[in-house]
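The block underneath contains the structure these notes are about, expressed in structure tokens.
The values are calculated or read from the model by the stated rules, or taken from the named source; none is laboratory data. Because the structure is predicted, anything quoted here is derived from the model rather than measured. Methodologically, a virtual Cβ is constructed for each residue, glycine included, from the backbone with ideal geometry; neighbour enumeration extends over all protein chains shown.
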Amino acid sequence: MSTPSSMKAIVVEKLGGPEVLQVQPNHPIPTPTEGQLLIKNRICGINYIDTYFRTGLYPSPKPEILGREAAGTVAAVGPGPNPHNFQVGDRVAWLATGGYAEYTAVPAGKTVKIPEGISDEDVMGSFLSGLTVLTLAKETYAVQKGDWVLLHAAAGGAGFLMTQILKSIGAHVIGTAGGPEKVALVKSLGADHVIDYRSEEEKDWVKKVKEITGGRGVDVVYDSVGKDTWEGSLEAVKRKGTIVWFGNASGPVPPLPLNKLSPKCVKVARPTLFGYIETREEFEFYVNELFTLLKSGQLKVKIHQIYPLDQVAQAHTDLEGRKSTGKLLLKA
């Protein structure tokens, strides 16, 4: 497979809003080193974590090409051992950095072949988000049948998938979402209760959770919103319950005095996906589980929109403005 000498890429040279996502039409194509593959990207996933690196909430060196996942084809295999037997032309998905570009050099150890019967779009609609929710529901807090679960942002990219995973386990799911359209979407996924936190009747969502659970509270809260919900999450969880913070859509959770956990003996977790898939065996375990769910039709994917690469600023604006349901993708 011949590759050109330059490519289109989205480069962030300074911190800021969506306007710092600059199109560079003649960016150098990387050369894969030992243990790497050069991937010709077709579809790249947009994730909320991309906005954290863009704004500096998560520090990273600049200039930088954002994007933590993509699907495409192997354009070149780096020198040295090739233990996973990747070949030029293989259709693959990867987790790394630098996805907002036509080509990316990525670690072979975090790349997998996409099986027949699953589209690139479905893989990217569920890859990073799906692996995240599987690890959250199986390791961070091992959800059991009959558990009461509060899931914030249940109509978002991760929430859409997690609602389905939780219901497949047999949990009672209380989702929060903003607006009638998002509420209807989450209900269609099987959620037992959906709270519209924007409505006058349900803006006190903590009170609503307590009513639903008979005053007991939920066994676990999955909170990717952060600053706007953290105090309510502490109120909504039961005695000896667990809160899992895994995102900062409204801003980071402020410093948490540990004595706030004492009255109800609450456990708190702040996981990251890559801590659960560090080894190849762990990575393949969760990837295989995700692909099985996709191929069988047990896990449905919702794609909000596929944006051209040069419209990435609009995609970030839509994501941060909470104007989307499901996953946002970029076409490389």
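Could you tell me whether residue 253 is crowded, with 19+ Cβ neighbours inside 10 Å and in contact (Cβ under 8 Å) with a residue 60 or more places away in the chain?
Taking the combined requirement at face value, the residue does not satisfy it.
Could you list, in sequence order, all residues of segment 8-58 that are under 27 Å from residue 159 (Cβ atoms), among the aliphatic types (A, V, I, L, M) and part of a strand (DSSP E or B)?
Result: 10, 12, 21, 43, 46.
With the condition kept exactly as written, say whether any residue in segment 79-89 is within 22 Å of residue 5 (Cα to Cα) and in contact with a Lys or Arg (Cβ under 6 Å, 6 or more places away or on another chain).
Scanning segment 79-89, I find no residue that is within 22 Å of residue 5 (Cα to Cα) and in contact with a Lys or Arg (Cβ under 6 Å, 6 or more places away or on another chain), so the answer is no.
Quick one: is residue 95 surrounded by fewer than 19 Cβ atoms within 10 Å (Cβ to Cβ), farther than 21 Å from residue 4 by Cα, aliphatic (A, V, I, L, M) and in the same structural domain as residue 305 (by TED's automatic domain parsing)?
No: the conditions fail for residue 95.
Take the conditions out of contact with any strand residue (DSSP E or B) (no Cβ under 8 Å at 6 or more places or on another chain) and not in a strand (DSSP E or B) and apply them to residue 134. Does it pass?
yes
Select from segment 173-225 the residues that are surrounded by 15 or more Cβ atoms within 10 Å (Cβ to Cβ) and either out of contact with any strand residue (DSSP E or B) (no Cβ under 9 Å at 6 or more places or on another chain) or not assigned by TED's automatic domain parsing to the domain that holds residue 246 (or both) and list them in ascending order.
Within segment 173-225, 206, 210 qualify.
Within segment 276-332, which residues are in a helix (DSSP H, G or I), hydrophobic (A, V, I, L, M, F, W, C) and at pLDDT 95 or above?
283, 285, 287, 290, 291, 293, 294, 309, 312, 313, 315
Which ones in segment 78-100 are outside any loop (DSSP other than H, G, I, E, B), touching a helix residue (DSSP H, G or I) at 6+ places or on another chain (Cβ under 8 Å) and not charged (D, E, K, R)?
Listed by number, the residues that qualify are 93, 94, 95.
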